[in-house]
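Sharing a structure, written as structure tokens. Questions coming.
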Amino acid sequence: GNALRLGKPIIYDTAEIRKLLGPSKRIKRVFASHPGQVNGAYCLDNSWFFYLMEALVTPGSGQVKVLGPMGCFQKEACEIAYLHAKSVINADAFDFSRYDVTFHVPQPIPDSIGNQVGMAAFAALCSRVLNRDLTQKKVCFGGGCTLLGNIFLDESDLSPMVQAMHKAGLSAIFAPMGSNEKIDAAVNAACG
């Protein structure tokens, strides 16, 4: 509109701006916490981002599918995590051949991050199969998972992750062996 009235600037307060813009188009979603959901983390351009990974188990014939706005590489990482979980969880505890597994991440994850969702997918599936709720504990899972169960975190400087974790209200991160010393050093540097 017209920014000047009789040569004087118009100054809007917060209430007038809200009235001018109208109701918010933003939708706030609240996720109920259930076994099968975990917090995940990935690094892109030295910044850390957190996401929700979900694993749903339904009666079926042993199929796996991945839903959500992930790239092909990330979807394959979820399938690899599924195959690894299938190889390590005792068939007496859970018969994968009688159930279908669906992975879902509600927000976009860029393919350019490489395999940084594997560990979260593995944890989400184990959480669901073993009926353990992991979201209440403010824990985050970072790193990738290979077909044979090797887990990895390729970042060399974990200080940004620790700072982002604190800002996001997460109190612990599960990361591959070998990362622990780096994470402890980053935590000590952030606290000291």
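Please compute the net charge surrounding residue 73, taking Lys and Arg as +1 and Asp and Glu as -1 over other residues with Cβ under 15 Å from its Cβ.
Counting the neighbours of residue 73, the net charge comes to -3.
Expressed as a whole percentage, what fraction of the accessible surface of region 80-131 belongs to carbon and sulfur atoms when a 1.4 Å probe is rolled over the protein heavy atoms?
Within region 80-131, the accessible surface is 52 percent carbon and sulfur.
Checking the a/c ratio against 1.5 first, then a/b against b/c, what shape does the Cα gyration tensor give for region 45-92?
Prolate shape, in that a/c is at least 1.5 and a/b is the bigger ratio.
Could you tell me what percent of the DSSP beta bridges with both partners in region 30-158 are antiparallel, to the nearest 5?
That works out to approximately 65 percent antiparallel.
For a distance above 16 Å, tell me the whole-number percent of Cα pairs in region 77-147 that qualify.
50
Which order, highest average first, do 96-107, 122-133, 81-92 follow once you tally other Cβ atoms within 10 Å for each residue and take the mean per peptide?
122-133, 96-107, 81-92
Further question: If 154, 111 are ordered by their accessible area, calculated over protein heavy atoms with a 1.4 Å probe, which sequence runs from highest to lowest?
154, 111
Still on this model: Order 38, 57, most accessible first, counting only protein heavy atoms with a 1.4 angstrom probe.
Of 38, 57, the descending order of accessible area is 57, 38.
The values are calculated or read from the model by the stated rules, or taken from the named source; none is laboratory data. Please read these numbers as outputs of a predicted model, since none were measured by experiment. So basically every Cβ, Gly included, is an ideal-geometry build from the backbone, and we count neighbours across all protein chains shown. What goes into the accessible areas is simple: the full protein's heavy atoms, side chains included, and nothing from ligands, DNA or RNA. Shrake-Rupley method; radii C 1.70, N 1.55, O 1.52, S 1.80 Å.
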